[in-house]
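These notes are about the structure you will find just below.
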Amino acid sequence: MPHGAGSFWKRMMISAEEHRLTNQESIILIAVICMAVVPHFTHTNIWITLFFIATLGYRMAAILLPQLLPGKLLLFLITIAAVGVVVVNHAQLVDWRVAVDLLIVMLGLKLLELRKRRDLYIMLFLGYFTIASNFLFNQGVLLAAYLFVVVVGLTAILLETSRSRSLQRPLKTVGLSLSLLLQAVPIMVALFLFFPRLSAPLWSLGIDQQRGTTGLSDTVSPGSISELIRSRAVAFRVDFEGAVPAPELRYWRGPVMWESDGTSWTRGEPLLQRQMKYTAQGEPLDYSVTLEPSGSRWLLALDLPDATPPHAVMQPDFQLIADKPVTQRLRYQMRSHLHYNTGDLPASERRRALQLPANITSRMRELAQRWENEAQIQNHGRNENHAAVVTGALRFFRQQPFYYTLYPPLLFDNPVDEFLFESRRGFCEHYASSFVTMMRVAGIPARLVTGYQGGEINPLGGHLVVRQSDAHAWAEVWISGAGWQRVDPTAAVAPERVERPFDIDFDDAGIVGSPIQFTLAQSGFLKRLARQFRLGRDAVNASWHRWVLGYSKQKQGRIMDQLGLGFAKGAAIAIVASMLVLIFVIAALLWYRGRERVDPVQADYLRFCSRMARMGVVRLPYEGADSYAQRITEQRPDLKTAVDEIIRLYSSLRYGEANDAHGKSELHRLVRAFHA
């Protein structure tokens, strides 16, 4: 009798029910499942992680001591407790993070009842699902490569367990798994290139991914940026269409701070919207920015931006604000001018730029007055001396014993006064906030700007990499006739910070007040080797982000136009729908042709066995017809004549040469007439 897909799965499930897993099978499966779950440990709740580790350890112990495997009641109680942990640790239950945590919990629970082949199949399919769920949190190339290895492992286990006999050569099974997956690559590439793209990645639909951070905040206080500089995470990447500007010109504008309470700086109330205009000096600079997810709305641009990306606005202080938080990697085109004149200052903005906190001390006013007096002498008594006051302030920072340090002494009620006259040790936020405050004391409109400064050119990818360690704060002062001018007091104390790429030597980490030791990024063999590795990894990541994760609907359209398939763009959905219908029809035909065709002789025999089972004589799975008949007559001698006639005719039709229609009809009549 021909057997199709239905009989195959029936046999598989019967085998799965009867076959108990060996210790080796269990250990291999558990190891691969753990590989699929491990990436989730970086973002799941600590209690969920500990629960999975606990179930894993308990299951490994049960391999040595099978009596440790929990019964149904204990497993039910553990399940209730685990679900309770998930509920308690999530304020909002309708959330994809809850679903992922539940998936991890269920994997741990399934480990505890892993006994038979059927459990193995369930674990395998849960493992594939777990692999896919990892991309909700991270779509990096390294994770994708790692998870591909896990897929190869799961597929190898699926192949091996589907065999009637083991190959006893695990590497050959792994090779076969890899071969099958590689054969699917052309189809995967074709679907990736031509399947209609969504306007946003699938994993971002309806998902609020508050993960990752640019590190910048809408509040600046002493120590906030010096903490950030320890991170080497990428904040954004930049591709310039022309020459890359010099390091001292690479100021990437972020949040602008207007208000201070004497301790910290904030953006304050939104500025009144007005028409933005300034006089550009020199040629514009065109570039594209690939911004990492931040959870914030501000966009970074080279100072001073001359364009506004889609779905964003430019504030009167030239800060770019997106219409919603950046929760996915964002790429946008920009144009900036490195030299400019912003023109007149509205009265409302002038008032805000001159506001002072209540903790201005007498020695702060005396210092500002001294700078003004020096400026008047320098300008021969003329009143227009704001630029000279700025120069005098920078000279003060340069000539006095100020130090640029990651570990400044703790400042208390009046950070600016204590920094200027006592500690004189600080990071960029100390210098910028003190400078802006002193400019306001001197009657010069000033504001604090945060963002990034510099960046490292990756020669392997040709792009600029700006990291969290490039976070910076500087000042802007308004000068009559010149407009807002950038002033970086940090450059007066530590010009190395802005003049060239550098590495910070953390050997003195933790020593309060110790000056930063700047070292060239190229110094030392090990540092050069580490730097090349870092740049190579970044180049691979940048290409992955640009051509895979950044493969948008627009890019797909351009590729289809280049291939002469532009006519199909409008009908793409119809084409895909037709393909799905075609696949369904083919699958239905294959199922129809491969379905199990029941032999009427076998059907009558099974019906006879069913009737005997109701009489209390159940046929054993391994029992042949003659053996079954003998056992029946031993238990029910009164049925011997009828049973012998049915079994004789069945054996003749099933295994003999007789295959006539009359014999089949006679067997069918005898079975129907058979009764106790």
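The values are calculated or read from the model by the stated rules, or taken from the named source; none is laboratory data. Just so it is clear, the model here is predicted, and its values are computed rather than measured. Reconstructed Cβ throughout: ideal geometry from the backbone, glycine too, with neighbour counts over all protein chains shown.
Structure values in brief
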{"item": "Members of segment 261-297 found to be among the acidic types (Asp, Glu) and in contact with a Phe, Trp or Tyr (Cβ under 8 Å, 6 or more places away or on another chain), listed by number", "result": "286, 292"}
{"item": "Matching residues in segment 251-280 - criterion: being surrounded by 11 or more Cβ atoms within 10 Å (Cβ to Cβ), out of contact with any Lys or Arg (no Cβ under 8 Å at 6 or more places or on another chain) and either without any contact (Cβ under 8 Å) to a residue 40 or more places away in the chain or small (Gly, Ala, Ser) (or both)", "result": "254, 260, 262, 264, 280"}
{"item": "Residue ID - surrounded by the fewest Cβ atoms within 10 Å (Cβ to Cβ), chosen from residues in segment 400-419 that are more than 16 Å from residue 448 (Cβ to Cβ) and either in contact with a helix residue (DSSP H, G or I) (Cβ under 7 Å, 6 or more places away or on another chain) or outside the structural domain of residue 376 (by TED's automatic domain parsing) (or both)", "result": "412"}
{"item": "Matching residues, segment 358-375, being in contact (Cβ under 8 Å) with a residue 40 or more places away in the chain and buried (at least 16 other Cβ atoms within 10 Å of the Cβ)", "result": "359, 360, 364, 367, 368, 371, 372"}
{"item": "Candidate set: segment 400-422, residues that are assigned to a helix (DSSP H, G or I) and of a type in the set (Asp, Glu); chosen: the one nearest to residue 227 (Cα to Cα)", "result": "418"}
{"item": "Elements of type strands (runs of 3 or more DSSP E) in segment 215-315, at least 1 residues being at pLDDT 85 or above and under 17 Å from residue 332 (Cα atoms)", "result": "234-240, 251-257, 285-291, 312-314"}
{"item": "Flag if residue 55 is surrounded by fewer than 16 Cβ atoms within 10 Å (Cβ to Cβ), of a type in the set (S, T, N, Q) and either outside the structural domain of residue 78 (by TED's automatic domain parsing) or at pLDDT 75 or above (or both)", "result": "no"}
{"item": "Filtered residues of segment 273-325 (kept if in contact with a His (Cβ under 7 Å, 6 or more places away or on another chain) and over 19 Å from residue 465 (Cβ atoms))", "result": "280, 281, 282, 284, 304, 306, 322, 323"}
{"item": "Residue among 510, 481 that alone is surrounded by fewer than 21 Cβ atoms within 10 Å (Cβ to Cβ), assigned by TED's automatic domain parsing to the domain that holds residue 337 and either outside any loop (DSSP other than H, G, I, E, B) or at pLDDT below 55 (or both)", "result": "510"}
{"item": "Selected residue (criterion: nearest to the chain's Cα centre (by Cα)) from residues of segment 585-637 that are acidic (Asp, Glu) and not in a helix (DSSP H, G or I)", "result": "596"}
{"item": "Tabulated pairs, segment 581-593, first in contact (Cβ under 8 Å) with a residue 24 or more places away in the chain, second surrounded by 10 or more Cβ atoms within 10 Å (Cβ to Cβ) and outside any helix (DSSP H, G or I), C-beta under 9 angstrom, 6+ apart or interchain", "result": "591/4; 593/4"}
